[in-house]
Amino acid sequence: MMQDHLVVSDDSNHPANMVCSLSRQFYEKEWCVGTGGSIAIRDEETGFCYLAPSGVQKELLKPQDLFVLDGNSKEQDVYLRKPAGLKLSDCTPIFQMLFQNFNAGAIIHTHSPNAVLTSLLYDDVFEISHIEQIKALPSERVNAETGKPVNLLFEDTLKIPIIDNQNFEYELTDGLQEMCQKWPHGCAVLVRRHGIFVWGPSITKAKIYNESIDYLLGLAIKMHQLGIPTVKKN
Ligand SMILES: [Zn+2]
């Protein structure tokens, strides 16, 4: 049973359509080339998680290629839809961990050149301060009335932990989980010589975080080339 009704929709904001349209955009930005990278979205209403398969070029991805995981199930690996002839992405255990343990609504994984280069310029943590764009990213502070996280301010420092790469993507799951526990308000982890994982409560937020971080990583590389420190003292 292919359960196509779970992925076929005229609504451009349907998670299955969003996974495909963003994959094309990210391919064009060279964040997801040659089948690298992946996007997963959890539908806020149904709790179903839409996952891109392994081995399909991102610019050619169709809604019918997507796996649908039941995000409401207490058990792992309850699939409502498995496309014939396709394999799950190697990132799937990482996505499941972020959906289940850290309440992610969407996860973006790219092999962005800016992420790979930055991971070679910093040891354990990437840091940048006093750049307007960091205001697009969440801080450790919460709004006293709503309890929701508030974003960084211009003079704050954005910090993103860096973990070392492994031979297989699923082997990154434990390292990523450890960083999420250590940085509970974080929204990203860099993987050295590999790329970045970015997540948020919704795909809209995750996309804003991912674009803003990539812009900041690109600036940091140029600042490094010009001998300008990325964290401004005073
Ligand atoms: Zn990857």
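The values are calculated or read from the model by the stated rules, or taken from the named source; none is laboratory data. Please read these numbers as outputs of a predicted model, since none were measured by experiment. Cβ placement follows ideal geometry from the backbone for every residue including glycine, while neighbour counts extend to all protein chains displayed. Surface accessibility is based on the protein's heavy atoms, side chains included, excluding ligands, DNA and RNA. Shrake-Rupley method; radii C 1.70, N 1.55, O 1.52, S 1.80 Å.
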Report summary line: Expressed in angstrom and ordered largest first, the alpha-carbon extents of the chain along the principal axes are 61, 44, 33
Query raised in the report: How far, in nm, would the chain grow between Asn72 and Glu132 when pulled straight, counting 0.36 nm per residue and subtracting the alpha carbon separation?
Result: 17.8 nm
Report summary line: Per residue, accessible area of the range 1-89 with a 1.4 Å probe, heavy atoms of protein chains only, in Å², comes to 52 Å²
Requested in this report: Compare Asp214, Asp4, Asp124 by solvent-accessible area with a 1.4 Å probe and give them largest first, with all protein chains kept in place.
Outcome: Asp124, Asp4, Asp214
Query - For the range 1-74 versus the range 123-186, the gap between their alpha-carbon centres in whole angstrom - result: 25 Å
Report summary line: The answer for the longest stretch of the chain without any exposed GluC sites (Glu not before Pro) (DSSP loop, at most 16 further Cβ atoms within 10 Å) is 156-234
Report summary line: Looks like the range 1-89, by Cα gyration tensor root eigenvalues a ≥ b ≥ c and the a/c under 1.5 rounded cutoff (else prolate when a/b is bigger than b/c, oblate otherwise), is prolate
Report summary line: Quick note, the range 112-234: a/c under 1.5 would make it rounded; otherwise a/b > b/c is prolate and the rest oblate (a ≥ b ≥ c, C-alpha gyration tensor); here it is oblate
Report task. May I ask for the longest run of the chain untouched by chymotrypsin sites (Phe, Trp or Tyr not before Pro) that are loop-located per DSSP and have at most 16 neighbouring C-beta atoms (other than their own) within 10 Å? Result -> 1-153
Query raised in the report: Taking the chain as a Gaussian network, Cα atoms linked when under 10 Å apart, which of Val198, Val19, Val33 shows the biggest mean-square fluctuation?
Result: Val33
Query - Estimated [θ] at 222 nm from DSSP helical runs (n ≥ 4, -39500 (n - 2.57)) normalised by residues in the chain, nearest 500 - result: -9000 deg cm²/dmol
**Report entry** Cα gyration tensor, the range 98-160 - rounded (a/c under 1.5), prolate or oblate
**Finding:** oblate
Query - Gaussian network model of the chain, Cα within-10 Å springs - most flexible of Ile160, Ile41, Ile203 - result: Ile160
